[in-house]
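Structure record follows, encoded as structure tokens.
All of the numbers you see were taken from the coordinates with simple rules; none came from a lab. Not measured: the values here are computed from a predicted model. As a convention, Cβ positions derive from the backbone with ideal geometry for all residues, glycine included, and neighbour counts pool all protein chains shown.
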Amino acid sequence: MTASRRRLLLAAMVALLQIGFLGWMIMGRAAILRDGREVLLKVEPVDPRDLLRGDYVRLGYEIGSVPRSLFANPPADISKAAGQPAFVRIAKQSDGFWRAIGATVGEPIATPAAPDQVDIRGSLTGYEAPGPDAAMRLFVDYGIDRFYLPEGEGLAIEKDMVVRPFGILAAIAGDGTAQIKGLMDGETMLYAEPPY
Amino acid sequence: MANYAEKVRLDIERWVASGLVDRATGDRLAIEIVKTAPRAFTFGSVLAAMAAILLGASVLVFIAANWEAIPRIVRVLALFALIFGSYVGGALLKERGSGFGEALYLLGAVAFGGSIALIGQMYHLSGDETEAILVWCIGTAVAAAGLRSPMLTNAAVLLAITWLLMRTGDWGRSAGFPYFYLVLAAALWAISYWTRSMAARHILLLSISLYAVLFGFSFVFSDDFATFGVVGAALAILATIVFFAAHNFPEDVERYAQLGGPAPAHSLIAFVVGIAMVQVKVYDQFGLMLLATLVAFAGIVTALLLRGRQSALMRWIAYAAFTVELAFLYFVTLGALIDTAALFLFSGLALAGVAFFIMRLERRFGTRPVEGAAS
């Protein structure tokens, strides 16, 4: 094989390697959307003035802060536990939203989840604060706190979000990875995400 | 480097004119210098690279802004086609010796990074920018090694430093200090030999000072100033060792580091940064502070005396460091020893002293300040 042939082949291989990696990323996410367990999560406005930055809406989740008492093994010093994986078991409530009923740090929850429960994986942010009931709550990040919107469409949603409850329809993979599936305004699905 | 060849060519003409060398020797020298001088950065290739970055940015912004108008699958496939076309097209152009080859490689790397961002947008992934930069960096490094591209090596080094800064700046999320940067830097250093990218090695060397400062700061955030000072001292000691190694064994260091000549300027910068970290730690203990400052001055003057003659860059770094040190010392003693009036008096006298010292050095090196500034 000539040197020039080899160079072209190498270039094609590099390109296919990168494209293959990107394709693998897409396939992984699409698989969660297709096969993942569907849950409805309640969204709380993060900060009415700072909801929209650029063309995405920042989302704060009800399950984004989990009472310390729900953790089987809460970290002694929360500031040193930043980035540690957290597994939160959520269960469907009568209003349709899924809420936290138990949690662990580091290892997945040992007992299997009941049919109307699912374990969602996140990571500790390293912060805690007392909730409205004065009980300490640990902040957990699930990597789903942004919803990208078509340019200019965020403002209306930002306003509506303050006055009535919004929800995120999420798909949860077998390993607990969460993936946004749709943005819900009460019962109406505002945006639904196709796998591709 | 182009400057160097140009400068020697002018020198040869002057020598021929003044009869120092005959015309035949002069011509042979001129040919020799053109042959051996490293292939220069041409303006054309620099502009082509800038064009590639602009083109890449325009495609990405266009896709991001009009994301409803074009189905997402089309956007993804268009980016994949751009990646493939850029790498293969770049290889074809390089085959023909065109300066656009490296620029197209760069466009491919930008398209790869853009694809990662687009996938993040498609699936509403949040909090992954730092990881995305790391993935982009590794992908670019793999492409640099596969295509033997110096431009992509430099791009990967800049992405690695960006990742280091984002990772350490992101206190809320960060899980520990990014020690992985050292692995990344070592890998990129190794790749830079293969891709013959001297610039990548220079940037990596400078990034060590940055890494040390960030590493020190990771202790400051838990109020551990002692370790901050120790990290600074370690950096200064390491810099001193490297400086003397580069000064005493220039051929050996050059054979391994291949930096285009011994480059102790990096180690002087690292030394000054390290001492500054120590000074921040001991600023309220006058004795230790004075000691650290004297060590700093001694280091700067040593660097100037040993290497100042060869390197204009070294002289300017040394002068800047000297002046900053002096200013720092005055700031620290202000509250304790002298009032503001005395500070102005002493600053004026000190500046005059620095000027006198610099003039003495300039005379010793036989350079006039104007020429030093130009070189």
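Amide H contacts of A:GLN93 (H built 1.01 Å from N, in plane; Pro and chain starts excluded): A:TRP98, A:ARG99 sit under 5 Å, all sequence-distant by 5 or more or on other chains. The lysines within cross-link reach of B:LYS7, meaning a Cα-to-Cα straight distance under 18 Å and a gap of 8 or more places when in the same chain, are B:LYS35. Sparsely packed loop sites in the stretch B:237-330 (the trypsin sites (Lys or Arg not before Pro) outside DSSP H, G, I, E and B with at most 12 other Cβ atoms within 10 Å) do not occur.
Ignoring everything except DSSP H segments at least 4 long, calculate the 222 nm mean residue ellipticity for chain A; use -39,500 (n - 2.57) per segment, divide by total residues, nearest 500. If you can, show how the numbers build up before the last one.
On the way: 2 runs with 43 residues, N = 196.
The helix contribution divided over chain A gives -7500 deg cm²/dmol.
With respect to chain A, whose longest principal axis is taken over its alpha-carbon atoms, helix A:154-163 is tilted by about 20°.
The stretch A:49-136: which trypsin sites (Lys or Arg not before Pro) are DSSP loop and have at most 14 other beta-carbon atoms within 10 angstrom?
Here the trypsin sites (Lys or Arg not before Pro) that fit, given the DSSP loop and packing criteria, are A:ARG49.
Here the stretch A:172-194 and the stretch B:94-119 have alpha carbon centers that stand 35 Å from each other.
How would the protein assembly as shown be classified by its alpha-carbon gyration tensor: rounded, prolate or oblate, with rounded meaning a/c under 1.5 and the a/b versus b/c comparison settling the rest? Oblate.
At a 10 Å Cβ-Cβ cut-off, how would you order B:VAL273, B:VAL110, fewest neighbours first? Let's see the in-between values first.
Details: B:VAL273 21, B:VAL110 24.
Arranged by neighbour count, lowest to highest, B:VAL273, B:VAL110 become B:VAL273, B:VAL110.
Under the criterion of Cα pairs below 8 Å and six or more residues apart, the relative contact order for the stretch B:70-147 equals 28 percent. Between 0 and 90 degrees, the angle of helix A:3-35 with respect to the longest Cα principal axis of chain A falls at about 20 degrees. Once backbone amide H atoms are built at 1.01 Å from N, A:GLU38 has A:ILE172 as its partners under 5 Å, excluding neighbours fewer than 5 places away on the same chain.
From the square roots a ≥ b ≥ c of the eigenvalues of the alpha-carbon gyration tensor of the stretch B:213-285, which class results: rounded (a/c under 1.5), prolate (a/b over b/c), or oblate? Here the stretch B:213-285 falls in the prolate category.
For the cross-link pairs A:LYS80/B:LYS281; A:LYS42/A:LYS159; A:LYS92/A:LYS181; A:LYS80/A:LYS159, which exceed 27 Å when the distance is taken from alpha carbon to alpha carbon? Before the final figure, lay out the partial values.
Details: A:LYS80/B:LYS281 24 Å; A:LYS42/A:LYS159 17 Å; A:LYS92/A:LYS181 17 Å; A:LYS80/A:LYS159 37 Å.
Too far apart for the 27 Å limit: A:LYS80/A:LYS159.
For A:LEU59, the amide hydrogen comes within under 5 Å of the amide hydrogens of A:ARG146, A:PHE147, counting only partners 5 or more places away or on other chains and with H modelled in the peptide plane.
In percent, how large is the relative contact order of the stretch A:1-146, given Cα pairs closer than 8 Å and 6 or more residues apart? Could you put the intermediate results ahead of the total?
On the way: 213 pairs, mean separation 32.8, N = 146.
Normalised by residue count, the contact order of the stretch A:1-146 is 22 percent.
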